[in-house]
Amino acid sequence: MPDFRFDTVTVIGAGTMGRGIAHVAAASGSNVRLVDASVEAASAGRDRIAGSLGRAVAKGRLEQVEMDRILLRIEATADRAAALEGADVIVEAVPEKLELKRTLFAEFAAKAPAHALLGTNTSSLSISSISAGTGVEDRVIGLHFFNPVHVMTLLEIVKGDLTSANTVAYAQAFAERLQKEAILVRDAPGFATSRLGVLLGLEAMRMVEEQVASAGDIDKAMTLGYRHPMGPLQLTDLVGLDVRLAIAEHLHAELASPRFEPPQILRDMVAAGKLGKKSGAGFYEYEG
Ligand SMILES: NC(=O)c1ccc[n+]([C@@H]2O[C@H](COP(=O)([O-])OP(=O)(O)OC[C@H]3O[C@@H](n4cnc5c(N)ncnc54)[C@H](O)[C@@H]3O)[C@@H](O)[C@H]2O)c1
């Protein structure tokens, strides 16, 4: 039997994704060390988990005693070196900056136990470029969770060029423990989710541009005709047009394919400050 352990999970970065990963890891029974650059930031992440659990209790979906148990398992800290010591699984969820992630993985290589699974939650960077030169390339893998982590069941596991079969099996066992459905993807730009999801969004924008139908009707085509829970333009508004534009530009450059060329309407809307829901307007208008 392979030696896959889950007693201690260390999550680096207590932002949107890190706190979500800490939440599900603690709910699965692991002791979690939630690390951020300051204790205040790490504690704020833990407080947000408490808030989310509290709402589940209020709605009768979770017992108070279980909430208390989960929170007791989460330690908020800024001491990264101590948090790496004895960790079984390490998940990095810091901002999407290659140099920052590379520095952290070099530190994991030096300080984490030899058996530990080394995961990155990157949504667009190459796993092989994050792990290059660390000496532990075989143990590094993409663990691409989705927001909100405690609700979304998908875990996109991304295998770098040098990731070992044992590491893939470790990541799959971790997914199972977290009750996530895992898919396995090669380290190709946009993985499976962004490449396909962004393409659908870009085509929907081109259809608005060409006045094929209204935004509302294009979205209905997908929600009612294909049972998508949300239309591609609604989703673009939710994610943010600026975020979508950045991903499209990245994929356009990496895949060298005209399929990912950002439509003019997307560039124009971003330039006009129409970034979607967060700015009050995108393909739809929002109140407040
Ligand atoms: N937000 C999403 O919907 C989403 C979805 C999937 C994947 N991702 C990916 O997850 C990663 C994190 O994204 P996020 O949205 O949670 O970002 P975020 O900005 O909400 O959180 C990042 C956190 O990392 C902390 N941090 C920065 N440097 C650090 C360091 N050296 N040590 C410890 N903590 C540090 C920051 O203080 C911040 O709290 C990114 O790679 C992103 O691409 C994001």
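The values are calculated or read from the model by the stated rules, or taken from the named source; none is laboratory data. Since this is a predicted model, take the numbers as computed values, not measurements. For neighbour counting, all protein chains shown are included, and Cβ atoms are generated from backbone atoms with ideal geometry for every residue, glycine included.
Things to note:
- Those residues of the range 30-58 which are of a type outside the set (A, V, I, L, M), touching a residue at least 40 places away in the same chain (Cβ under 8 Å) and within 16 Å of the ligand (Cβ to nearest atom), in sequence order: Arg33, Asp36, Ser38, Ser52
- Taking the conditions (1) touching a residue at least 40 places away in the same chain (Cβ under 8 Å); (2) touching a strand residue (DSSP E or B) at 6+ places or on another chain (Cβ under 9 Å); (3) among the β-branched types (Val, Ile, Thr) in turn, Val243 satisfies each one other than (1).
- Whichever residue in the range 7-21 is within 6 Å of the ligand (Cβ to nearest atom) and closer than 14 Å to Val39 by Cα and, among such residues, is surrounded by the most Cβ atoms within 10 Å (Cβ to Cβ): Ala14
- Of the candidates Ala93, Ala114, Ala27, the single residue that is more than 9 Å from the ligand (Cβ to nearest atom), touching a helix residue (DSSP H, G or I) at 6+ places or on another chain (Cβ under 7 Å) and in the same structural domain as Gly135 (by TED's automatic domain parsing) is Ala27.
Rundown of residues vs (1) farther than 16 Å from Glu92 by Cα; (2) within 11 Å of the ligand (Cβ to nearest atom), yes/no style:
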{"residue": "Ser123", "(1), (2)": "no, yes"}
{"residue": "Ile127", "(1), (2)": "no, no"}
{"residue": "Thr134", "(1), (2)": "no, no"}
{"residue": "Asn147", "(1), (2)": "no, yes"}
{"residue": "Leu154", "(1), (2)": "yes, yes"}
{"residue": "Val168", "(1), (2)": "yes, no"}
{"residue": "Arg177", "(1), (2)": "yes, no"}
{"residue": "Glu181", "(1), (2)": "yes, no"}
{"residue": "Val185", "(1), (2)": "yes, no"}
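- A count restricted to the range 81-90 and to residues that are farther than 14 Å from Val11 by Cβ and either within 11 Å of the ligand (Cβ to nearest atom) or surrounded by 18 or more Cβ atoms within 10 Å (Cβ to Cβ) (or both) stands at 0.
- Odd one out for Val198 among (1) assigned to a loop (DSSP other than H, G, I, E, B); (2) touching a residue at least 60 places away in the same chain (Cβ under 8 Å): (1)
- Some residue of the range 208-222 being under 18 Å from the mean Cα position of the chain (by Cα), in contact (Cβ under 8 Å) with a residue 60 or more places away in the chain and buried (at least 19 other Cβ atoms within 10 Å of the Cβ): no
- Checking each residue in the range 29-61 for being surrounded by fewer than 18 Cβ atoms within 10 Å (Cβ to Cβ) and touching a Phe, Trp or Tyr at 6+ places or on another chain (Cβ under 9 Å) picks out only Gly29.
- Residues that are touching a residue at least 24 places away in the same chain (Cβ under 8 Å) and among the charged types (D, E, K, R), drawn from the range 163-181: Arg177, Lys180, Glu181
- Looking only at the range 96-111, residues that are in contact with a Ser or Thr (Cβ under 8 Å, 6 or more places away or on another chain) and within 8 Å of the ligand (Cβ to nearest atom) come to 2 in all.
- Output for the range 246-288, where each listed residue is touching a Phe, Trp or Tyr at 6+ places or on another chain (Cβ under 6 Å) and touching a residue at least 40 places away in the same chain (Cβ under 8 Å): Ala248, Leu251, Lys277
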